[in-house]
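Written below as structure tokens is the structure these notes are about.
The values are calculated or read from the model by the stated rules, or taken from the named source; none is laboratory data. Treat the numbers as computed from the prediction; the structure is a model and nothing was measured. Here the Cβ positions follow ideal geometry from the backbone for every residue, glycine too, while neighbour counts run over all protein chains shown. Note: areas computed on protein heavy atoms with side chains; ligands, DNA, RNA excluded. Shrake-Rupley method; radii C 1.70, N 1.55, O 1.52, S 1.80 Å.
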Amino acid sequence: MDNGVLSAVLTRERIVVAAALAAITLLAWAYVLWLAAHMNTLMPAPAMDMSGMDMSAMMQPAFVAWTLPHFLFMFAMWAVMMVGMMTPSATPMILIYAQVAHQAATLGKSFVSAAWFASGYLLVWTAFALLATLAQLGLERAALLSAMMQSSSHIFGGAVLIAVGVFQWLPIKQACLAQCRAPLSFVQQHGGFKPEISGALRLGAVHGAYCVGCCWALMALLFVGGVMNLLWIAGLMIFVLLEKIVPGSRYFSRLAGLVAIAAGVWMLAF
């Protein structure tokens, strides 16, 4: 196959993979939008006898015991939300994997689809979704989240903002971010692209683990602004993507950290 034909085929391959990733992202966002619009219907508040209750008591968050269907519903919400938020930032790495896989196939070498790499990546974020669900359960038990799934305590909200801001300055944050920003360097450091299913899954999972290490604190901000606050979700998705692609990401990340610390101090003070 000559270079012109190979280049055309690879371009078409990248378009197909990019379109598939865009479709996954759009479907996940469609679910999140639908869920936000129907949350009151899907998760009705428990009936309460309000006779004899003053307004201050009614405004206090109260924990309602979760059933297994409730837990699974919340886990599914978190899992789909993580797919919608994190697939765009993983797209460059997945496209590189798809290109290598196609080139290997044209040379007659066995090489699994980039879908396996993407699956490993998203499995790690699904595991994170499980931890986030458990965290939400714990915060509701402690009456730190309102019925709208956002912070009901200025102290808690301010503390989270400050903690996230500090994390943005820590070496571990920058180390994980460096792995996410340099796909080819990441692959070289972890033994190269893997042609078999297990290897592709493992490499995708490792990449996902670095991504979680880089972004988990940012996701905690959802407990401040609202787990189903669409503006917060979209804002975090865009920030995570920018953090991985803009020049001078270290300064961009640390500047955001200063903003979060300032917001946290303001929340604690007022």
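Observations on the structure shown:
- Region 219-250, subset under 15 Å from the mean Cα position of the chain (by Cα), of a type in the set (A, V, I, L, M) and not in a helix (DSSP H, G or I), residue nearest to A163 (Cα to Cα): L221
- Pair list, Cβ under 6 Å, 6 or more apart: region 207-231 residue in contact (Cβ under 8 Å) with a residue 60 or more places away in the chain, other residue open to solvent by 30 Å² or more (accessible area, probe 1.4 Å) and among the small types (G, A, S): M228/A36; L230/A36
- Test set (1) at pLDDT 95 or above; (2) open to solvent by 10 Å² or more (accessible area, probe 1.4 Å); (3) not polar (S, T, N, Q) - A217 fails condition number: (2)
- Residues in region 187-210 that are closer than 17 Å to A90 by Cα and modelled with pLDDT of 90 or more: A200, L201, R202, L203, G204, A205, V206, H207, G208, A209, Y210.
- Residue that is modelled with the highest pLDDT [pool: residues in region 231-258 that are over 25 Å from M81 (Cα atoms) and in contact with a helix residue (DSSP H, G or I) (Cβ under 8 Å, 6 or more places away or on another chain)]: L258
- Test: residue in region 251-261 that is surrounded by fewer than 17 Cβ atoms within 10 Å (Cβ to Cβ), assigned to a helix (DSSP H, G or I) and in contact with a Gly (Cβ under 8 Å, 6 or more places away or on another chain): yes
- Meets criteria (of a type in the set (S, T, Y) and surrounded by fewer than 19 Cβ atoms within 10 Å (Cβ to Cβ)) for S198: yes
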